[in-house]
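In what follows, a structure is listed as structure tokens, so that the remarks can point back to it.
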Amino acid sequence: MADRPLNGHRVLALVTNYGVEQDELLVPLNRLGEDGAEVTVAAASMDPIQTLVSDKEPGETVQPTAVFETLDATGHQLLLLPGGTLNADSLRLNDKAIGLVREFAASGRPIAAICHGPWALVEADVLRGKTLTSYPSLRTDIRNAGAKSWVNEAVVSDAEGGYTLVTSRTPKDLDAFLEAIHQALVGS
């Protein structure tokens, strides 16, 4: 097989079993995989993950490859936090998932979050001094969590505070988001 740019890189995606925005999970899964990265999809249980389209219409289902409770994240180079309002709201209530977010930030490994995904970062209290973007309704939560600023841009990559944080607003920004993820992985 030809050498692909992300061969040898491992990405961990954290989602709940219901409500993740379909394209915010599947597009990164497919593109990162095509580029050679191994992507682990961790959820609260091994039940199929029901994605949604625009937070309302059922999308594709995805089989998780791991569960939060027994996950060893040490071999993963990047943490991916897809959005979807229901997914992100439930994820931030899961202590094990939030512990994994804190573990990544404390270890200096990059984190990438899109749309409502930054809610987990707010809950984990890892945004102090960061500049980021998200779905616009999160901007007050982000500022209240100690972020330096919230900006309305397609993608923001911020290396302050000991780890690289890549953020984007919506599925419309996926191309820019994935390019920034690629840079974060290659540089890590």
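Pairs please, first residue from the stretch 151-172 and under 17 Å from residue 111 (Cβ atoms), second anywhere and assigned to a strand (DSSP E or B) and among the acidic types (Asp, Glu), Cβ atoms under 6 Å, 6+ apart in sequence or on different chains.
Close Cβ pairs satisfying both conditions: 165/158.
Within the stretch 115-125, is there a residue that is more than 16 Å from residue 11 (Cα to Cα), surrounded by 24 or more Cβ atoms within 10 Å (Cβ to Cβ) and touching a Pro at 6+ places or on another chain (Cβ under 7 Å)?
For the stretch 115-125, residues more than 16 Å from residue 11 (Cα to Cα), surrounded by 24 or more Cβ atoms within 10 Å (Cβ to Cβ) and touching a Pro at 6+ places or on another chain (Cβ under 7 Å): absent.
Can you tell me which residues in the stretch 32-60 are out of contact with any strand residue (DSSP E or B) (no Cβ under 8 Å at 6 or more places or on another chain), of a type outside the set (Gly, Ala, Ser) and either part of a loop (DSSP other than H, G, I, E, B) or buried (at least 19 other Cβ atoms within 10 Å of the Cβ) (or both)?
The answer is 35, 47, 56.
Just checking, which of 134, 188 is modelled with pLDDT under 95 and either under 25 Å from residue 29 (Cβ atoms) or of a type outside the set (Asp, Glu) (or both)?
One residue alone meets the criteria, 188.
Return yes or no: is residue 106 over 17 Å from residue 177 (Cα atoms) and touching a strand residue (DSSP E or B) at 6+ places or on another chain (Cβ under 6 Å)?
Answer is no for this residue.
Can you name every residue in the stretch 78-91 that is on the phi < 0 side of the Ramachandran plot and either buried (at least 22 other Cβ atoms within 10 Å of the Cβ) or in contact with a Cys (Cβ under 8 Å, 6 or more places away or on another chain) (or both)?
Correct list: 78, 79, 80, 81, 82, 83, 87, 88, 91.
Among the residues of the stretch 64-77, is there at least one that is assigned to a strand (DSSP E or B), free of Cβ contacts under 8 Å to residues at least 60 places away in the same chain and surrounded by fewer than 20 Cβ atoms within 10 Å (Cβ to Cβ)?
Yes: one or more hits.
The values are calculated or read from the model by the stated rules, or taken from the named source; none is laboratory data. Values in this document were obtained by computation on a predicted structure and should not be read as measured data. Note that each Cβ is placed from the backbone with ideal geometry, even for glycine, and that neighbours are counted across all protein chains shown.
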